[in-house]
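Following: one structure in structure tokens, then a few remarks.
The values are calculated or read from the model by the stated rules, or taken from the named source; none is laboratory data. No experiment lies behind these values; they were computed from the predicted model shown. Quick reminder, even Gly has a Cβ in these numbers, built from the backbone with ideal geometry, and neighbours come from all protein chains shown.
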Amino acid sequence: MNAPRPLDQHLEAILRKAKKSGTSASLRAEGAVKMLGHLHVHSLETGASILLEGLKLRDILPPAGTAVTLTLIQGDEVISIRTRLLEPLPAVTGSKAPPVIRAAWPTEPLEIHPRREVRVATPDLPPLEASILWQGRRLEAKLLNLTDTGMGLGLKDPLTFNYHDQVEVVTHLPGNEVLTVSGDVRHSECLEGDDLPTRVGLVLVDLEAGTREALQRFIQARRMDRSTAMRGH
């Protein structure tokens, strides 16, 4: 068994926060186009490995030894960590659950980028007004970022969302097109002193074809808006 490596306290603090808050995580093999998304930190073997869950049975996990980038989204930061895969932990005998992913404890410096650089729907543009239905309550929210598979919301009220809470979101896209979607909570945190102290990240579920097409049209339009704005600068 390999001896634990020297600890980077900043890295360890980030990983512990990710575990506690259910931070959204993804893995991409070096040189690959596709990534394994909708993951979160299951547990830490400090100095030895990071355990991730959320793998789907249909997902193809690269073999042990593959160099990968682990990406975590925390608040307005995107954290990239280079590591390599270890042998996964198999599911309990007789269980149909997918294995738990194991990645080696990182030895390279992590990279942190402002999240605004990777928002694909509303970067550098005003957030959309939205309302959410959560636990029988209708609440006002701001739609901060959006893809055709997920969204990030900000709320003025201090609230605690739990991992896998079900949320319905209603917003108006430009052109007065009403968008109603359902989401599964994958990330929630509180930002003290922020105008929108409650942040919640959703994975969209059961999207109809027409709804997905509307999302893709809006996202493409926002990308074009941003591209035009950047050329103007």
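Couple of notes before you dig in:
- Output for the range 159-175, where each listed residue is within 11 Å of Leu202 (Cα to Cα), outside any loop (DSSP other than H, G, I, E, B) and of a type outside the set (S, T, N, Q): Val167, Glu168, Val169
- When Asp184 is tested against (1) within 18 Å of Leu215 (Cα to Cα); (2) modelled with pLDDT of 90 or more; (3) more than 15 Å from the chain's Cα centre (by Cα), just one condition goes unmet, and that condition is (3).
- Some residue of the range 200-209 being part of a loop (DSSP other than H, G, I, E, B) and farther than 28 Å from Glu53 by Cα: no
- Odd one out for Ile219 among (1) in contact with an Asp or Glu (Cβ under 7 Å, 6 or more places away or on another chain); (2) at pLDDT 85 or above; (3) of a type in the set (A, V, I, L, M): (2)
- Against the criterion of being at pLDDT 85 or above, of a type in the set (A, V, I, L, M, F, W, C), assigned to a strand (DSSP E or B) and over 30 Å from Gly210 (Cβ atoms), Leu179 does not qualify.
- Pick from the range 29-58, criterion free of Cβ contacts under 8 Å to residues at least 60 places away in the same chain and buried (at least 17 other Cβ atoms within 10 Å of the Cβ), ranking: farthest from Arg16 (Cα to Cα): Ala29
- Any pair with Cβ under 8 angstrom, 6 or more apart, that starts in the range 170-189 at a residue that is closer than 30 Å to Val41 by Cα and ends at one that is of a type in the set (Gly, Ala, Ser) and part of a loop (DSSP other than H, G, I, E, B): Val185/Gly22; Arg186/Gly22; His187/Gly22; Ser188/Gly22; Glu189/Gly75
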